[in-house]
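The values are calculated or read from the model by the stated rules, or taken from the named source; none is laboratory data. Computed from a predicted model, the values in this text were never measured in an experiment. Here Cβ is always computed from backbone atoms with ideal geometry, including for glycine, and neighbour counts include all displayed protein chains. Keep in mind that these areas ignore ligands, DNA and RNA; they rest on the heavy atoms of the full protein, side chains included. Shrake-Rupley method; radii C 1.70, N 1.55, O 1.52, S 1.80 Å.
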Amino acid sequence: MADYLRLSREALNDLLAKIQGFPEEVQVIVWDRVMSKYGLLIEAMARCDSPIEQMLLLPLEEVCDRLLNRPDCTIAVVIEQCAITVGNKNYRVDFRLALDLVEHTCKDFIIECDGHDFHEKTKEQAAADKQRERDFQSIGYTVIRFTGSEIYNNPYKCAEEVYRIVKNKLDQISGE
């Protein structure tokens, strides 16, 4: 992790060095864009309940960027700690991936991060998770679950799996 942080600092310093050659007005615009994106990311990470959710957030944001390259997708957004009501039950999900498609239809996915302390540790927890998933499916959500270990070991692999599942669903909708 220390090597990654060092490389990140080097990348930031490299960016600063590269924009030094631009006119000052352009430097301000570039820096404002970088800081705006950084600020939004930090705010979103602060809303996450756990480190595994924080680890998955940025890769999921990258999935949204890839989905926006599709001609049938006009909006792709990750909403962390999203409230969802099913009948008289109120739930809060780790992530909702909301898509708006060209045909004015929406497709929503729920991504859950199952840390060991709160999922599958007892029979009651497992039963509650299964009922919760069925409730979401009953109103049209596709639920994608990852264990904490999967996320911790490779959050980008998890995000790639989300992308593949979403892409397949969108291809089915568009008849490809």
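Numerical summary
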| read-out | value |
| --- | --- |
| Selected from 27, 51, 11, residue furthest toward positive end of dipole (the chain; charges at beta carbon) | 51 |
| Per residue, in Å², the accessible surface of the chain once ligands and nucleic acids are set aside, probe 1.4 Å | 64 Å² |
| In degrees, nearest ten, helix 51-67 long axis to first principal axis of the chain (Cα) | 80 degrees |
| Between helix 2-19 and the chain: long-axis angle, C-alpha atoms, 0 to 90°, nearest 10 | 50 degrees |
| Spherically averaged projected area in nm², based on the convex hull that wraps the Cα atoms of the range 40-176 | 8.6 nm² |
| Between 0 and 90°, nearest 10: helix 155-174 axis offset from the chain longest Cα axis | 70 degrees |
| Of all accessible heavy-atom area on the chain, the percent that carbon and sulfur account for (1.4 Å) | 56 percent |
| Given 37/89; 89/123; 37/167; 89/167; 37/107; 130/157, the pairs whose alpha carbons are separated by over 28 Å | 37/89; 89/167 |
| Theoretical ellipticity at 222 nm over the chain - DSSP helices of four or more residues, -39500 (n - 2.57) apiece, nearest 500 | -19000 deg cm²/dmol |
